[in-house]
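Everything on this sheet refers to the single structure shown next.
The values are calculated or read from the model by the stated rules, or taken from the named source; none is laboratory data. Just so we're clear, the structure is a prediction, and the values are computed from it rather than from any experiment. Cβ sites come from the backbone with ideal geometry, for glycine too, and all protein chains shown count toward neighbours. Note: accessible area is taken over every heavy atom of the protein model, side chains too, but ligands, DNA and RNA are not part of it. Shrake-Rupley method; radii C 1.70, N 1.55, O 1.52, S 1.80 Å.
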Amino acid sequence: MNSEHEPGANSEPESSLTFTVLEEDAGTRLDAFLAARIEGWSRARLQRLIEEGDVLVNGRSSKPSYKLRATDEIEGELTPLPTSSFVPEDIPIEVVHEDADLIVVNKPAGMVVHPAAGVGSGTLANALAFHFQNLSTAAGPVRPGIVHRLDKDTSGLMVVAKTERAHENLADQFRARQVFKSYVALVHGQTERDRGEIDQSLGRDPRNRTRMAVTRQGRSALSIYRTRERFGRFTLLDVELKTGRTHQIRVHLAWLKHPVVGDETYGGGRDKTVVDPRIRGQIAKLGRQFLHAEKLGFDHPESHQRMTFAAALPNELQSLLETIRTSRSV
């Protein structure tokens, strides 16, 4: 839940679930087991909860396809979503590409991808529903066409499905790690190496369920980084995601002791330690983390041709880089 929003009247109450698997249910897929027992929740929506680590089996994150065993203990939280009042909204969006099967958009920072607890309007989903008549419904009525997500304060490229067939195909490509996703991140400090891999499992932070953390009980997560430009107290990185865990880049880079500039959640207060007052002030005014989904590549669901897209850094991030480049104290 975003702290700047209060839960709306149409939001579902958040509730917990616990199940002990009986012998007769052994061999059932986890998502199918839950779909048969939780009224009003689609299987696709439950799959998203499982993938995000909101459902645990024997205290560990699992996959929707996990085959249950007798005596397995299932616990989780039903993250609320608005059940009504979802309406299309005339919100401008930047369309990078459109064809009969899909759309590629450049999401601005500050825009939530789809309605969630306390966020019932102003989302990319609301905008998509207004501008496009035909979008896939595989992710549910309040997530039209949504195949994957970006954090609210991360900008950049996203692919949106128009048809159910395209949605399924793209989702399979994401699961099979066939989608190329490269981000630009400005981090605090000088990375020790010009290239590196961060192979650390991620899961919900047991001390704060709204945060993610590196944890042995989490799901595998792999980020590959490469230095694009070095400054005295900052490093500009290209980061390729091999997996798509919630907050993955931000948590991985914070674990590396190089948190993303402007990240209030995982930054550990590093923004306030910046020496140059101009840079420190500019970071404070950003209102976002310096993280941009710059490149996206995937196979077209119908033609199977490889498609690649790029989106330039937003002006506010480019401006901060120029300030850093001209500063004598970095």
For the chain, calculated [θ]222 nm from helices alone, where every DSSP H run of n ≥ 4 adds -39500 (n - 2.57) = -5500 deg cm²/dmol
Taking residue 67 as the anchor, which aspartates and glutamates have their alpha carbon closer than 14 Å to its alpha carbon, excluding any fewer than eight residues away along the same chain?
-> 23, 24, 25, 31
Of the listed peptides 315-321, 257-263, 109-115, what is their order by residue-averaged count of other C-beta atoms within 10 Å, with the highest listed first?
-> 257-263, 109-115, 315-321
Tell me which label goes with the value of P(r) over Cα pairs in 20 Å bins from 0, in percent computed from the coordinates here: [x] 32, 58, 8, 2; [y] 30, 59, 12, 0; [z] 19, 19, 14, 16, 9, 7, 6, 6, 4, 0.
-> [y]
Under a GNM of the chain (C-alpha, springs under 10 Å), which listed residue has the highest mean-square fluctuation: 207, 228, 60?
-> 207
For the stretch 77-229, calculate the relative contact order in percent as a whole number, restricting contacts to Cα pairs under 8 Å that are 6 or more residues apart.
-> 17
Rounded, prolate or oblate: which fits the stretch 187-275 when a ≥ b ≥ c are the square roots of the eigenvalues of the alpha-carbon gyration tensor, with rounded for a/c under 1.5 and prolate only if a/b beats b/c?
-> oblate
Under a straight-distance cross-link criterion of Cα-Cα below 12 Å, which aspartates and glutamates are reachable from residue 295, leaving out those fewer than 8 residues away in the same chain?
-> 238, 240
Computed over the stretch 201-280: relative contact order in percent, which uses C-alpha pairs under 8 Å that are six or more apart | 19
Accessible surface, per residue, of the stretch 108-225 when the full set of protein chains is kept, probe 1.4 Å, Å² = 43
Who wins for biggest fluctuation among 175, 226, 37 in a Gaussian network model of the chain, springs between alpha carbons below 10 Å?
-> 37
When only C-alpha pairs under 8 Å and at least 6 residues apart count, what is the relative contact order of the chain, in percent?
-> 14
Any idea how far the Cα center of the stretch 284-305 sits from the one of the stretch 61-136, in Å?
-> 16
